[in-house]
Amino acid sequence: MRLNSAILGYGAYVPKYRISTEEIARIWFGEGSGPNRMKAVASYDEDALTMAYEAASIALKMAKYPEIEAILVGSESKPYAVKPMGSILSDIFGFNKILGVDLEFACKGGTEAVQMISGMITSGVIKHGLAIGSDTAQGRPADDLEYTAASGAGAVVLGQPNGNEIAKITHSVTFVTDTPDFWRRPKEHYPTHLGRFTGEPAYFTHIMSSVKLLFEETGYKPSDFNYAIFHQPNPKFPVEVGKRLGFTDEQLKPGLLNDELGNSYSANTLVALNAVLDVSKPGDKILLSSFGSGAGSDTFVIEVVSKPDDDDYIPLREKLKKYVEIDYATYSKWRNKIIR
Amino acid sequence: MIPIAYWRNRKLYTRLIGSRCKKCGAEYYPPVKVCKKCGSTEIEEKEMLKTGTIVSFTKLTEPPVDFKDYAPIYLAMIRLDNGILVLGQLADAESEEIKIGARVMATIRKWTEDGQSGIIYYGYKFKII
Ligand SMILES: [Zn+2]
């Protein structure tokens, strides 16, 4: 579908704490490590709502606080099963004439928010909206997912293009099927997954299908893009899917964060987009493709227009240099893994 | 905490909404109904500045029951950049970086929650910047 929306502000939040996958392996296997070096862990007093607030605050400041008419939050770890984060954030930011609601599609809730708000802006229903992806992802102790299931949030303030925006979103395609690669039933604390099934029929099939559909609709090819962002469940998959689609390592590298941060689910590709927007130049084109288990993929064409106008803004990779490593005991206490 | 009392005060807790005297310009947090400086009752809502400096702090190893699981917690008096003195918890604070004079910024964190089925109380805490 053709879209005509603009990114007026962007922000990402990664909690201060990390656990190494060596530390996780030490507890469960005695030795070894996961596919990534570390993952970001939210502190005891953080959840998807507080992280969404942090990321959105950066994006709203960069956008100079326009009157927001929709807040959509993608998440699979909402603090309340019933009671949207969109409503809590509307009050916190002081926008009460608003559509405030949450979306869930495993790791692609955040890009759905971008797509829906872009649609409302393109059609003229609203002027400004806030799209957020935020998760404190949980992996069952000793499960493969525990190495990567991480915390983080990404946000974009969207509005109508006027020539001064940071970037334009011009096109998006979604490809969805019923694929049982990963799910969580009500009241279950941890998700269930079908292991190797998450690769070929799920991740690769859906991302490749949505990217190819976008290429068919727009006529674009990989060499038309300066950067490509693919969902990062581990360090390997985004590189592999990029290669299969014909992208180079140079196009992928600026957005690759899984090795040091893990997979922040709904925030994953929005945090990567923040890292890429930090280094991109006016005129650059970015291809972004998310993946949500269950399964589906949203692909976007993003054209960079101008650099952000915010003197206080600190680039994401600069902020990531400062972190504190915690051990498995602290992680267990903070992330509710201890039975009392 | 009591959900209804929290709901009434949610703007104070999440946005640091205090008050400002329309007559003499004095600012207050928490909000007041009558200006303590000039006695005026012409008071408007005013959002406090979110940055400030640590004036004093203490470490609680046995905090009140609602915060028991989070021990130790650090409580600090913060002089906001608009001059107002506010009491708050420090978030993500490592003991070696907590110092009088350290610069802080308000953020929102979970204060506490009413068990597994109750309300989650969100409010401001200060991060060292
Ligand atoms: Zn007065």
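Looking at A:Ala70, A:Ala106, A:Ala40, A:Ala59, which one is among the small types (Gly, Ala, Ser), open to solvent by less than 20 Å² (accessible area, probe 1.4 Å) and at positive phi? Exactly one of A:Ala70, A:Ala106, A:Ala40, A:Ala59 is among the small types (Gly, Ala, Ser), open to solvent by less than 20 Å² (accessible area, probe 1.4 Å) and at positive phi, namely A:Ala106.
For A:Gly100, the conditions (1) under 25 Å from A:Ile121 (Cβ atoms); (2) crowded, with 24+ Cβ neighbours inside 10 Å; (3) more than 14 Å from every other protein chain (Cβ to nearest Cβ) are fulfilled apart from (2).
Testing B:Thr53 on (1) open to solvent by 20 Å² or more (accessible area, probe 1.4 Å); (2) in a strand (DSSP E or B); (3) within 16 Å of the ligand (Cβ to nearest atom), one condition comes back false. Which one is that? Single failed check for B:Thr53: (3). The set of residues in region B:91-112 being at the interface with chain A (Cβ under 9 Å from one of its Cβ atoms) and surrounded by fewer than 17 Cβ atoms within 10 Å (Cβ to Cβ) consists of B:Glu94 alone. Is it the case, given these coordinates, that A:Glu22 is more than 28 Å from A:Asp312 (Cα to Cα) and touching a Ser or Thr at 6+ places or on another chain (Cβ under 8 Å)? Against the criterion (more than 28 Å from A:Asp312 (Cα to Cα) and touching a Ser or Thr at 6+ places or on another chain (Cβ under 8 Å)), A:Glu22 qualifies.
Scanning region A:25-49 for residues that are within 14 Å of another protein chain (Cβ to nearest Cβ) and aliphatic (A, V, I, L, M) turns up A:Ala40, A:Val41, A:Ala42, A:Ala48, A:Leu49.
Total residues in region B:1-32 satisfying the condition of being within 12 Å of the ligand (Cβ to nearest atom) and either part of a loop (DSSP other than H, G, I, E, B) or exposed (fewer than 15 other Cβ atoms within 10 Å of the Cβ) (or both): the figure is 6.
Note on region A:4-24: residues that are more than 14 Å from chain B (Cβ to nearest Cβ), surrounded by fewer than 22 Cβ atoms within 10 Å (Cβ to Cβ) and touching a Phe, Trp or Tyr at 6+ places or on another chain (Cβ under 8 Å) total 2. Please specify each residue of region A:127-158 satisfying the condition of being polar (S, T, N, Q) and out of contact with any Ser or Thr (no Cβ under 6 Å at 6 or more places or on another chain). Result: A:Gln138, A:Thr148. Of the residues making up region B:34-50, those that are part of a loop (DSSP other than H, G, I, E, B) and open to solvent by 50 Å² or more (accessible area, probe 1.4 Å) are B:Val34, B:Lys36, B:Lys37, B:Cys38, B:Thr41, B:Glu42, B:Leu49, B:Lys50.
The values are calculated or read from the model by the stated rules, or taken from the named source; none is laboratory data. Computed from a predicted model, the values in this text were never measured in an experiment. When we count neighbours, we look across all protein chains shown, and the Cβ atoms used for this are built from the backbone with ideal geometry, even at glycine. All accessible areas refer to the heavy atoms of the entire protein, side chains included, with ligands and DNA or RNA removed. Shrake-Rupley method; radii C 1.70, N 1.55, O 1.52, S 1.80 Å.
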